[in-house]
Amino acid sequence: MSFRAGADAEIQAVRYEAAASRFEQPGQRGPIAPEPLLKLRPVTAASLLSQPAPPREWYAEGLVPMRQVTLLGGDGGTGKSLLSLQLAVASVTGTDWLTCEPRPGPALFVSAEDEQDELNRRLEDIVRGRGFSDRDLARLELVSLVEQAAAGASGTALAVPVNDLSGKPRPTPLWGALTAEVERLRPALVVLDTAADLFPEEINRSAVRGFIAMLRALAVEYDLAVVLLAHPSISGMQNGTGLSGSTSWSNSVRSRLYVDRVKANGSEPDPDARVLRTMKANYGRAGGEIHLRWVDGRFRLETGLPGSNGIGYDAETDAIFLRLLSQFAQQNRDVTSKTCSTYAPKLFAENPDRGGRNKKHFAAAMERLFNAGRISLEESGPPSRRRSRLVEVGL
């Protein structure tokens with residue numbers, strides 16, 4: 001089996017974490033020490049700082065990190081399955097999803113809740129009017145465990161807790177089948193729907209942590225992102241946390257998202273409105289909100305941004321563009337509308353204050369601002385070496 005270059009140590013470390021959580025066994029005293037799987041290879045801080053740190057790798061920037069497990073929660077009927085299926089479609093078609101463009105590549109969608117016919121209907125709604133061909137979706141593969149169970153397969157669990165105090169889950173034959181499919185397809189994304197069906201143990205902290213460790217080992221070994229869907233408990237819905245069962249579900253993942261209905265004064269005034277909240281983000285900013293609207297069987301970005309200002313998404317993007325243009329000008333960093341090393345949309349999309357926008361969003365904003373006369377291209381220098389820079393009109 002070939003592994004991602006440079007990832008061997010990380011893969012072994014994740015496997016070690018999955019195996020290291022053991023408790024005292026019946027008839028034995030003291031914890032059982034795990035067998036050593038690798039030798040420690042410490043590095044000095046000086047050696048790390050002597051070279052630039054590699055950039056953070058995202059599958060969907062700010063929302064879904066690479067080689068990690070992201071937990072996507074939501075009550076039944078809120079649309080988490082549809083939203084994650086839209087993510088898979090964006091991956092294989094190289095198109096946008098919400099406020100970002102996911103990493104292009106094959107995708108594997110495993111559902112333990114929906115039959116194949118339902119997945120078919122949802123796909124038709126998602127691609128309607130997008131101009132995608134069958135060939136565009138050839139790298140998206142879907143598995144209905146409902147169909148397989150009806151055909152005689154033994155359950156939908158990927159792992160089961162063992163009957164001792166170790167809490168370490170035991171993989172099922174279905175886990176082996178999943179791993180073999182990942183080995184063959186080499187997806188950038190694996191969606192698993194839902195946690196309660198795939199691992200029948202919600203409250204055992206050690207078992208939950210071991211199951212997440214299994215998923216993360218898969219993500220690391222095959223250089224992919226795992227999105228695990230989950231239902232909240234009644235208390236998790238009432239208090240707005242979206243949690244269910246053991247806190248290890250949230251503690252063991254590096255990113256947790258929650259899709260919820262929009263409510264006001266205890267009621268739901270708009271049944272088609274949703275909000276996607278970032279509940280946990282080890283590698284980014286938590287507390288963000290993306291407002292969505294269900295339209296013709298799929299989710300689209302709401303015309304109004306999160307908050308009460310009522311500003312449209314395009315208008316807010318334009319405001320971010322102008323704010324970054326001013327920031328760059330104060331730093332004496334000229335940017336231009338020409339495709340080169342100082343291309344404004346590219347540099348703005350790499351800025352920490354980009355507000356979730358990407359190069360495509362900023363390119364569209366630049367055209368709107370040109371058309372509205374809000375920005376212009378100022379040229380300077382001798383005729384042989386003309387230079388141009390973007391400026392806000394009136395400054």
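Using the Cα centre as the reference, give the magnitude of the dipole from point charges on the C-beta atoms of the range 313-392 (Lys, Arg: +1; Asp, Glu: -1; all else neutral), rounded to the nearest 20 debye.
Using Cβ point charges on Lys, Arg, Asp and Glu, the range 313-392 gives about 320 debye.
At most 12 other Cβ atoms within 10 Å and a DSSP loop assignment: could you name the trypsin sites (Lys or Arg not before Pro) in the range 61-141 that fit?
Counting only loop positions with at most 12 other Cβ atoms within 10 Å, the trypsin sites (Lys or Arg not before Pro) in the range 61-141 are R128, R130.
Would you please classify the overall shape of the range 84-133 from the alpha carbon gyration tensor, given that a ≥ b ≥ c denote the square roots of the eigenvalues, rounded means a/c under 1.5, and beyond that prolate means a/b larger than b/c while oblate covers the rest?
oblate
Can you pull the Kirkwood radius for the range 313-392, inverse mean 1/r over Cα pairs, to one decimal in Å?
Computed over the range 313-392, the radius equals 12.7 Å.
V162 versus D117, label points 7 Å from Cα toward the beta carbon: distance in nm?
4.3 nm
Run the quick spin-label model on E57 and R387: label points 7 Å from Cα toward the beta carbon, then report their separation in nm to one decimal.
With each label placed 7 Å out from Cα toward Cβ, I get 3.7 nm.
Which one of I375, L325, C340 is farthest out on the positive end of the charge dipole of the range 313-392, using unit charges on Cβ (Lys, Arg +1; Asp, Glu -1) and the Cα centre as origin?
Going by the charge dipole, the pick is C340.
Where a Cα-Cα gap under 21 Å defines reach, which lysines qualify for K346, not counting those fewer than 8 residues away within the same chain?
Within the straight-line limit of under 21 Å, K346 reaches these lysines: K338, K359, K360.
For D96 and E350 in the same chain, what is the full-extension length gain: residue separation times 0.36 nm, less their Cα-Cα distance, in nm?
Gain on stretching D96 to E350: 89.7 nm.
Aspartates and glutamates near K263 by alpha-carbon distance under 19 Å, same-chain residues fewer than 8 away left out - which ones?
D75, D272, E289, E302
Tell me, in nm to one decimal, what length is gained between R186 and A138 on full extension, where the rule is 0.36 nm per residue of separation less the Cα-Cα distance?
The R186-A138 span can extend by a further 15.9 nm.
If the reach is capped at under 26 angstrom between alpha carbons, list the lysines near K168, excluding any in the same chain fewer than eight residues apart.
K39, K280
Since every read-out is calculated from the coordinates, none of them should be taken as a lab result. Every value quoted in this text rests on a predicted model; they were computed, and no experiment measured them. Note that each Cβ is placed from the backbone with ideal geometry, even for glycine, and that neighbours are counted across all protein chains shown.
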